[in-house]
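Have a look at the structure below, then the notes.
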Amino acid sequence: MPVTVDRSETPWIIRLDGEVTLASAPELKKSLMEWLASGNDLQLDLERVADIDVTLLQLLWAAGREALRSGATIASRVPESAGAMARDAGFDRFPGPTEQA
């Protein structure tokens with residue numbers, strides 16, 4: 001499963017794994033909406049992402065923008081390959097402070 005969520009931790013942890021494609025968008029959107037409604041901070045773990053679709057990057061960017069408005073925090077663990085994919089798609093960085101893995 002490309003999207004997993006650990007709600008038992010504070011911050012919440014959303015992990016993306018393998019090829020995260022358009023088919024994963026509804027699941028990721030639902031998880032991000034639940035996270036935003038929870039008021040918790042988020043650790044976004046992309047360490048095991050092999051490929052990520054631009055639609056998913058847009059969802060993450062929108063979640064980061066909404067987090068700024070609500071005062072929530074997103075921290076990201078991003079391998080260089082995923083960071084390069086984001087930059088190639090026009091995203092300077094993922095939402096929140098990024099820690100290179």
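Taken together, the values in this text are just the output of simple stated rules run on the coordinates, not laboratory data. Just so it is clear, the model here is predicted, and its values are computed rather than measured. When we count neighbours, we look across all protein chains shown, and the Cβ atoms used for this are built from the backbone with ideal geometry, even at glycine.
Of everything in the stretch 6-33, what is closer than 17 Å to Ala72 by Cα, of a type outside the set (Ser, Thr, Tyr) and surrounded by 14 or more Cβ atoms within 10 Å (Cβ to Cβ)? Give them in sequence order.
Answer for the stretch 6-33, where residues must be closer than 17 Å to Ala72 by Cα, of a type outside the set (Ser, Thr, Tyr) and surrounded by 14 or more Cβ atoms within 10 Å (Cβ to Cβ): Pro11, Trp12, Ile13, Ile14, Lys29, Leu32.
Would you confirm, using the coordinates I've provided, whether Leu32 is in contact with a helix residue (DSSP H, G or I) (Cβ under 7 Å, 6 or more places away or on another chain) and either of a type in the set (Val, Ile, Thr) or closer than 11 Å to Val5 by Cβ (or both)?
Values: in contact with a helix residue (DSSP H, G or I) (Cβ under 7 Å, 6 or more places away or on another chain): yes; either of a type in the set (Val, Ile, Thr) or closer than 11 Å to Val5 by Cβ (or both): yes.
It is true that Leu32 is in contact with a helix residue (DSSP H, G or I) (Cβ under 7 Å, 6 or more places away or on another chain) and either of a type in the set (Val, Ile, Thr) or closer than 11 Å to Val5 by Cβ (or both).
I'm trying to understand the selection: among the residues of the stretch 62-88, which are part of a helix (DSSP H, G or I) and surrounded by fewer than 17 Cβ atoms within 10 Å (Cβ to Cβ)?
First, the residues of the stretch 62-88 that are part of a helix (DSSP H, G or I): 62-70, 80-88.
If the condition is that a residue be part of a helix (DSSP H, G or I) and surrounded by fewer than 17 Cβ atoms within 10 Å (Cβ to Cβ), then Ala62, Arg65, Glu66, Leu68, Arg69, Ser70, Glu80, Ser81, Ala84, Arg87, Asp88 are the ones that fit.
Identify, from the list Leu56, Leu44, the residue that is touching a strand residue (DSSP E or B) at 6+ places or on another chain (Cβ under 6 Å), in a helix (DSSP H, G or I) and surrounded by 14 or more Cβ atoms within 10 Å (Cβ to Cβ).
On the way: Leu44 fails: in a helix (DSSP H, G or I).
Checking each option against the conditions leaves just Leu56.
Quick one: what pairs do we get from the stretch 52-70, first residue within 12 Å of Trp35 (Cβ to Cβ), second buried (at least 16 other Cβ atoms within 10 Å of the Cβ) and of a type in the set (A, V, I, L, M), C-beta under 6 Å, 6+ apart or different chains?
Close Cβ pairs satisfying both conditions: Leu59/Leu28; Ala63/Leu32; Gly64/Ile74; Glu66/Leu36; Ala67/Ile74.
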